[in-house]
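**Student:** Submitted below is the structure of interest, expressed as structure tokens.
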Amino acid sequence: MIDKVAVVTGANQGIGFGIIKLLCKRGVKTVYLTARDEKRGTEAVKILNSEGFYPVFHQLDITNEESIKKFECYMKNRHSGIDILVNNAAVACKTFSEVTYDDAKNVINVNFNSILTIEKYIYPLLNDNARVINISSDSGHLSKLKNKYWIERLSRDDLQLKDIKDFTSWFLDSIKNNTFKKEDFTWKFLYSYVVAKIAVSAYTRVQQRQTGRGICVNSLHPGFVKTSMTKGTGLLTIEEAAEAPVYLALDADTSIRGKYIWYDKAEVDWADTSLVLNYVDEHTMK
Ligand SMILES: NC(=O)c1ccc[n+]([C@@H]2O[C@H](COP(=O)([O-])OP(=O)(O)OC[C@H]3O[C@@H](n4cnc5c(N)ncnc54)[C@H](OP(=O)(O)O)[C@@H]3O)[C@@H](O)[C@H]2O)c1
């Protein structure tokens, strides 16, 4: 038994569900399966119960500050701290290649801004030496950008949250004002998702610099995984995709911090824009 408390967001299905199952299998004592929808969350727990795993359910909508505050309060009263936090919950873009302002705003809000609200309320509960895994994507690698100004600004060693907020605002403004240029990106699809996940990977570096107390914060590309997000297409099962996040949560050397990790557990240089990391075929997910 590993005497730790773990929390995974968006864990009622997909990769989050796979991570919960593997954490339980590995013997983590207290595993919180959180989900925005109570029914979907408790049903997921029932499935795991039938397989002999016993995570605890708690409602958590990462875009709802009240929901996060309730979870914070609950955890504060029950545990001396959290040892493992997997920021997994996210949404995809509504359409593959077209961008609307409302959808872009929503994708950036769920996939990136919510990480900031979680940080505000949940990070103070992290134990010393806790491990945080921000689930990013291959689309969150800096090589997905072509715009020289943003590549230079986002890859600075003294990167600040303001740089990242300016980046997401630049993108949203470009959609609103019709000044958006596809040439600023290497991928020609899922632009809002790309921007949000670049923000997640970039902010992981800032969080690592600022968090202290021996806490490791890493971002991770979980692979191209068969989930509802990919409409069941993909190369990995959720069980296979859970391996790398659980490795970061339990096994990785503590010298691995502020990094961008690939689904095979290797460290990839996030700021190396010469890397070609495309393997999701544009037509696969349409
Ligand atoms: N699948 C891939 O190939 C792939 C590749 C790269 C990165 N990723 C990343 O991996 C992570 C998991 O994705 P997945 O493929 O497992 O997707 P998924 O099956 O669609 O699962 C996403 C989960 O996030 C939850 N969620 C969405 N909005 C939420 C909110 N406001 N509050 C709380 N939970 C919320 C969903 O809840 P509901 O069930 O209620 O909708 C669901 O449980 C995401 O960060 C995704 O971007 C996936």
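**Student:** Against the condition among the small types (Gly, Ala, Ser), surrounded by fewer than 21 Cβ atoms within 10 Å (Cβ to Cβ) and not in a strand (DSSP E or B), how does Ser114 come out, does it pass?
**Tutor:** no
**Student:** Taking segment 205-226 only, how many residues are of a type in the set (Val, Ile, Thr), touching a residue at least 60 places away in the same chain (Cβ under 8 Å) and closer than 15 Å to Glu119 by Cβ?
**Tutor:** 3
**Student:** I'd like to know if segment 137-144 contains one or more residues that are surrounded by fewer than 20 Cβ atoms within 10 Å (Cβ to Cβ) and farther than 14 Å from Val200 by Cβ.
**Tutor:** No - not one qualifying residue is present in segment 137-144.
**Student:** Scan segment 243-266 for residues that are among the small types (Gly, Ala, Ser) and surrounded by 15 or more Cβ atoms within 10 Å (Cβ to Cβ) and jot them down.
**Tutor:** Passing the criteria: Ala244, Ala249, Ala252, Gly258.
**Student:** Between Ala104, Ala90, which is buried (at least 23 other Cβ atoms within 10 Å of the Cβ), of a type outside the set (Val, Ile, Thr) and closer than 21 Å to Asn12 by Cβ?
**Tutor:** Just a single option satisfies the conditions, and that option is Ala90.
**Student:** Name every residue in segment 243-276 that is within 10 Å of the ligand (Cβ to nearest atom) and farther than 24 Å from Asp128 by Cα, in order of residue number.
**Tutor:** Result: Tyr263, single match.
**Student:** Could you tell me which residue of segment 212-230 is surrounded by the fewest Cβ atoms within 10 Å (Cβ to Cβ), considering only residues that are modelled with pLDDT of 95 or more and more than 9 Å from the ligand (Cβ to nearest atom)?
**Tutor:** Step by step, filter segment 212-230, then rank; the result is Arg213.
**Student:** Still on this model: Would you kindly identify the helices (runs of 4 or more DSSP H) lying entirely within segment 145-222 that contain at least 3 residues that are among the hydroxyl-bearing types (Ser, Thr, Tyr) and closer than 30 Å to Ala130 by Cβ?
**Tutor:** Hits in segment 145-222: 191-211.
**Student:** Applying the selection to segment 178-201, what residues are under 20 Å from Ala92 (Cβ atoms) and in contact with a strand residue (DSSP E or B) (Cβ under 9 Å, 6 or more places away or on another chain)?
**Tutor:** Hits for segment 178-201 are Phe185, Thr186, Tyr191, Val194, Val195, Lys197, Ile198, Val200, Ser201.
**Student:** Please specify each residue of segment 218-253 satisfying the condition of being of a type in the set (Val, Ile, Thr) and touching a Gly at 6+ places or on another chain (Cβ under 7 Å).
**Tutor:** Of everything in segment 218-253, those that are of a type in the set (Val, Ile, Thr) and touching a Gly at 6+ places or on another chain (Cβ under 7 Å) turn out to be Val225, Thr227, Ile238.
**Student:** Can you tell me how many residues within segment 231-242 are buried (at least 17 other Cβ atoms within 10 Å of the Cβ) and either part of a loop (DSSP other than H, G, I, E, B) or near the ligand (Cβ under 6 Å from one of its atoms) (or both)?
**Tutor:** Residues that pass the stated criteria total 1.
**Student:** Follow-up question, since we're still on this one. At least 2 residues that are in contact with a helix residue (DSSP H, G or I) (Cβ under 9 Å, 6 or more places away or on another chain) and crowded, with 21+ Cβ neighbours inside 10 Å in each: list the strands (runs of 3 or more DSSP E) lying fully within segment 1-61 that qualify.
**Tutor:** Filter on segment 1-61 gives 2-8, 28-35.
**Student:** Turning to a different aspect of this structure: Regarding segment 123-132, can at least one residue be identified that is part of a helix (DSSP H, G or I) and within 16 Å of the ligand (Cβ to nearest atom)?
**Tutor:** no
**Student:** Just checking, does segment 50-71 include any residue being β-branched (Val, Ile, Thr), within 13 Å of the ligand (Cβ to nearest atom), in contact (Cβ under 8 Å) with a residue 24 or more places away in the chain and in contact with a strand residue (DSSP E or B) (Cβ under 9 Å, 6 or more places away or on another chain)?
**Tutor:** Among the residues of segment 50-71, at least one is β-branched (Val, Ile, Thr), within 13 Å of the ligand (Cβ to nearest atom), in contact (Cβ under 8 Å) with a residue 24 or more places away in the chain and in contact with a strand residue (DSSP E or B) (Cβ under 9 Å, 6 or more places away or on another chain), which makes the answer yes.
**Student:** Report every pair of residues separated by at least 6 positions or lying on different chains whose Cβ atoms are under 8 Å apart, first residue within segment 86-101 and part of a loop (DSSP other than H, G, I, E, B), second aromatic (Phe, Trp, Tyr) and modelled with pLDDT of 95 or more.
**Tutor:** Once the first residue is part of a loop (DSSP other than H, G, I, E, B) and sits in segment 86-101, its partners that are aromatic (Phe, Trp, Tyr) and modelled with pLDDT of 95 or more give Ala92/Tyr193; Cys93/Tyr191; Cys93/Tyr193; Val99/Phe180; Val99/Tyr191.
The values are calculated or read from the model by the stated rules, or taken from the named source; none is laboratory data. Values in this document were obtained by computation on a predicted structure and should not be read as measured data. Virtual Cβ from ideal backbone geometry, glycine too; neighbours counted across all protein chains shown.
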